[in-house]
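A short worksheet on the structure shown next.
The values are calculated or read from the model by the stated rules, or taken from the named source; none is laboratory data. Quick caveat: nothing in here was measured; it's all calculated off a predicted structure. Virtual Cβ from ideal backbone geometry, glycine too; neighbours counted across all protein chains shown. Please note that ligands, DNA and RNA were not included when accessible areas were found on the heavy atoms of the full protein model with its side chains. Shrake-Rupley method; radii C 1.70, N 1.55, O 1.52, S 1.80 Å.
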Amino acid sequence: MKREYQEAGGSSGGGSSADMGSCKDKVMAGLGYKVRSSDMADVAQKLEQLEMAMGMGGVSAPGAADDGFVSHLATDTVHYNPSDLSSWHAFRAQRAAADSSSSTYALRPISLPVVATADPSAADSARDTKRMRTGGGSTSSSSSSSSSLGGGASRGSVVEAAPPATQGAAAANAPAVPVVVVDTQEAGIRLVHALLACAEAVQQENFAAAEALVKQIPTLAASQGGAMRKVAAYFGEALARRVYRFRPADSTLLDAAFADLLHAHFYESCPYLKFAHFTANQAILEAFAGCRRVHVVDFGIKQGMQWPALLQALALRPGGPPSFRLTGVGPPQPDETDALQQVGWKLAQFAHTIRVDFQYRGLVAATLADLEPFMLQPEGEADANEEPEVIAVNSVFELHRLLAQPGALEKVLGTVHAVRPRIVTVVEQEANHNSGSFLDRFTESLHYYSTMFDSLEGGSSGQAELSPPAAGGGGGTDQVMSEVYLGRQICNVVACEGAERTERHETLGQWRNRLGRAGFEPVHLGSNAYKQASTLLALFAGGDGYRVEEKEGCLTLGWHTRPLIATSAWRVAAA
């Protein structure tokens, strides 16, 4: 194409040819082209090369461009500061010297911009598009829109081009994708600050500021990964419920079965409930030593998962197992099914296989405060010739719910005191989520549940290393459902108030004071329980992060340095 153009117009050097070229230049300038007609041959050749490289000419399909050539277009691109004229002229002088010895027409580095214009309309046009300069040889700057393409042994050409980002995308034969680089550490700090600031605004009843902050939390949480993202999402949802006054519905009766399901998944995914059951059973087993008739009252029997281990331990006791009676307390079911009786049947079948004399009774109660002492006593007249029945009362994550009802805890502890149990085992969260200050309660719960979610992540990764989950993904289901189990607690602690806020966790020291005032004294759990609990955790995946500690005769289980749950044992104080 270049050769044909030169044969047609370049061989006649008369004035008519020059006039014709001048006319073409004016027409092209009027159409907005900043290229001289004498340079069209170069422009055509450059376009052919670009078409070949990008597969645009219809000869090759898109995506069939030469990767090496496209890479050259992308990498051999240099942008210059137009205000630094001295360095620009030095570069052009070097390129002119190199180009004079080469006969091939090669693409040259891009200089942006290289043309100045005095025409305001041309300046506006130049702002709309960026210019890509190709070609070599020396050029001289001028106020004319096309004079920079004039003299020199080798001519350059100017073509309109898209912005550099679009050039790179076209070179890669793919649409431009914006890349956002986020500093996750900085975003994490901002996330925590937003959560705390929102909680402070809620405490001050500045709901306009709280609403503005709560809208930022999902975006900041999305920049995080793992446990931080999940726990922030639950706290963000709880704050949103509180800001918009959308309290969780009172569905205590409707979701009792679902709560039991979440409890079962939580039992499987982490060692907290296993630790609670094991340490409480150990204390009960030691209290029942030498007794022939024993009775356990479980304030929250749920699926009855705690008691097969105790039944088996009693069956292996020297001298044979005692007669075992179990009273299980649970909430009413929405479908009026007797879930407690079903649990009793399963436990009875298990006791029969290990030859333990077993009796069971289920008590349906909407709250533990509905219990009376006569409900926990043996049925019928006591035989004078029989050994008296020894009673143990067990409560795992149940007593803190009574703090939402004034006087309820005192009534329940009075009922327990009246039946004169040999031992009372209590397992509770080691945290103070019952503070009168909302901000203090929020801050404490944020630290507590962040550690709890970290332990779930650590335990699941350890489990994946030891034994990959089965095809059904059961391990993943356990973790997800456990997160929902904890998320419901977060929602209750943050979004609810008054009688609706039932997750009123308190520390071991606070429970010590409450039980002491109710007429109970602590029972030392002993080093044997500590050693066996440590052995249990060593068998659990991710056990390196869990820590068992003995604290004033009680045992705590935590993640690294943070205690999360505590087991304590009590008996009726001597008069």
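The table for this structure:
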| item | result |
| --- | --- |
| Residue satisfying condition, being at pLDDT below 95 and among the acidic types (Asp, Glu), within set Glu410, Glu465 | Glu465 |
| Strands (runs of 3 or more DSSP E) completely within region 522-575 that count 2 or more residues being touching an Asp or Glu at 6+ places or on another chain (Cβ under 9 Å) | 554-559, 562-572 |
| Every residue from region 521-536 that is open to solvent by 70 Å² or more (accessible area, probe 1.4 Å) and either at pLDDT 90 or above or not assigned by the TED database to the domain that holds Ala283 (or both) | His524 |
| Single unsatisfied condition, Gly226 versus (1) among the small types (Gly, Ala, Ser); (2) modelled with pLDDT of 95 or more; (3) on the phi > 0 side of the Ramachandran plot | (2) |
| Leu326 vs. criteria part of a helix (DSSP H, G or I), open to solvent by less than 10 Å² (accessible area, probe 1.4 Å), in the same structural domain as Ala256 (by the TED database) and at pLDDT 95 or above | no |
| Residues being in contact (Cβ under 8 Å) with a residue 24 or more places away in the chain and in a loop (DSSP other than H, G, I, E, B) - total across region 476-520 | 10 |
| Checking Ser450 against (1) more than 20 Å from Ile284 (Cα to Cα); (2) polar (S, T, N, Q); (3) modelled with pLDDT under 95, the condition it does not meet | (3) |
| Residue within region 340-350 that is open to solvent by 60 Å² or more (accessible area, probe 1.4 Å), part of a strand (DSSP E or B) and at pLDDT below 95 present | no |
| Residue list for region 418-452, restricted to those being in a strand (DSSP E or B) and aliphatic (A, V, I, L, M) | Ile423, Val424, Val426, Val427 |
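Residue-wise test of (1) open to solvent by less than 10 Å² (accessible area, probe 1.4 Å); (2) of a type in the set (A, V, I, L, M); (3) within 23 Å of Val427 (Cβ to Cβ).
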site: Ala280; (1), (2), (3): yes, yes, yes
site: Gly290; (1), (2), (3): no, no, no
site: Gln303; (1), (2), (3): no, no, yes
site: Ala313; (1), (2), (3): no, yes, yes
site: Pro331; (1), (2), (3): no, no, yes
site: Ala365; (1), (2), (3): no, yes, yes
